[in-house]
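What follows is calculated from the coordinates using simple rules that are stated; it is not laboratory data. These figures come from a predicted structure and were not determined experimentally. All Cβ positions, glycine included, derive from the backbone under ideal geometry; neighbour counts span all protein chains shown.
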Amino acid sequence: MLIKSDFIDLKTPTGEMRTYIHQPVTNGKYPTILFYSEIFQQTGPILRSAQIVASHGYNVLVPEVFHELNSIGTVLGYDDAGREKGNADKSAKDVQSYDTDNQVIIDWAKQQSWHNGNFGAMGYCIGGHLAFRAALNPNIKATACFYATDLHTQIIPNQPGQHSMDRLADIKGELLMIWGKQDNHVPPEALSEIRQKLLATEIKFEWHEFNAQHAFMRDEGDRYDAELAALCYQMTYRFFSRNFR
């Protein structure tokens, strides 16, 4: 499908949050996907990925995840300075602010003529974690998490009982968990820990591990695996389609 792109600045309890909108040109009602970036916000690879998803019949909303800590429109580079700033922002943001951000996006989307009532979430790296975090919201029916970082750590600051893995009982939708076996950010013992915690619940989830490095979906750099990315996109479309029927 042909798509169009725009943005809106939404008011949240912690300040204005620029949210990029990618959606089909054709008038109609479509499911809405909350799409979460890496620590670098909406870079070229994130933009292209969001547009690819939108072209399959989705409204894709990409919030600036660290809007409280940067000027509107900030995009960090895939370099040492960008990583240092992004990781500092990750450590500085109150984890509960993600919850209020998500609710603001959902409340706004519900008022739009192009939204058909179905919400999903997806994301890469910390965005995979933030998609998982979005799944705590009862409006989210299906969530695709790609190599989600820090589900097994305390790096993202939390109040007691506010870590994402402490609130599994709040997840009502289905999860699609995708990992790279050669991901140095989420070692094998962490994968086992996360999977066992999910198995101990009644959450419906798929779990896939591939021979790939961290950020294998990012279409820049030497970790990009185009064949695997194409497969994972197809898995994600199938997953969303099944849950939104």
Listed by chain and number, the lysines with an alpha carbon less than 20 angstrom from that of K172, same-chain partners under 8 positions apart left out, are K110, K141, K197, K204
Mean-square fluctuation maximum in Gaussian network of the chain, Cα pairs under 10 Å, restricted to N184, N158, N87, hits N184
Charge tally for neighbours of G123 with beta carbon under 11 Å away, counting Lys, Arg as +1 and Asp, Glu as -1, is 0
If unit charges are put on Cβ atoms (+1 for Lys and Arg, -1 for Asp and Glu) and the dipole of region 3-244 is taken about its Cα centre, the option from S5, F210, G117 lying farthest towards the positive end turns out to be G117
For the chain, inverting the pair-averaged 1/r of distinct alpha-carbon atoms gives a Kirkwood value in Å of 17.8
The long-range amide H neighbours of F205, using H built 1.01 Å from N in the peptide plane and a cut-off of under 5 Å, are L175
Percent antiparallel among DSSP beta bridges confined to the chain, rounded to 5, stands at 35
In terms of the alpha carbon gyration tensor, root eigenvalues a ≥ b ≥ c, rounded if a/c is under 1.5 and otherwise prolate when a/b exceeds b/c or oblate, region 3-46 is oblate
per DSSP, antiparallel bridges as share of beta bridges in region 1-123, % nearest 5, sits at 60
With +1 at each Lys and Arg Cβ and -1 at each Asp and Glu Cβ, the charge dipole magnitude of the chain around its Cα centre, to the nearest 20 debye, comes out at 880
Spelling it out for T12: with amide H atoms placed in the peptide plane at 1.01 Å from N, the residues 5 or more places away or on another chain with amide H under 5 Å from its amide H are M17
Quick shape summary for region 141-213, equivalent ellipsoid via Cα gyration tensor, semi-axes whole Å in descending order, reads 19, 16, 10
Within the under-15-Å Cβ sphere about L199, not counting L199, Lys/Arg +1 and Asp/Glu -1 give a net charge of -2
Per the C-alpha gyration tensor (a ≥ b ≥ c, the square roots of its eigenvalues), region 1-120 is rounded if a/c is under 1.5, else prolate if a/b beats b/c, else oblate; here it's oblate
Checking rank on 71-81, 96-106, with mean other Cβ inside 10 Å and highest first, the result is 96-106, 71-81
Taking alpha-carbon centroids only, region 16-95 lies from region 124-201 a number of Å equal to 18
For Y30, other-chain or 5+-apart residues with amide H closer than 5 Å (H placed, Pro excluded) are H115, N116
Taking a ≥ b ≥ c as the square roots of the eigenvalues of the Cα gyration tensor, with a/c under 1.5 meaning rounded and otherwise prolate when a/b exceeds b/c and oblate if not, region 105-245 is oblate
Per DSSP loop assignment and a cutoff of at most 14 other beta carbons within 10 Å, the chain keeps its longest run without exposed GluC sites (Glu not before Pro) at 1-201
Contact order relative to length for the chain, counting C-alpha pairs under 8 Å separated by 6 or more residues, stands in percent at 17
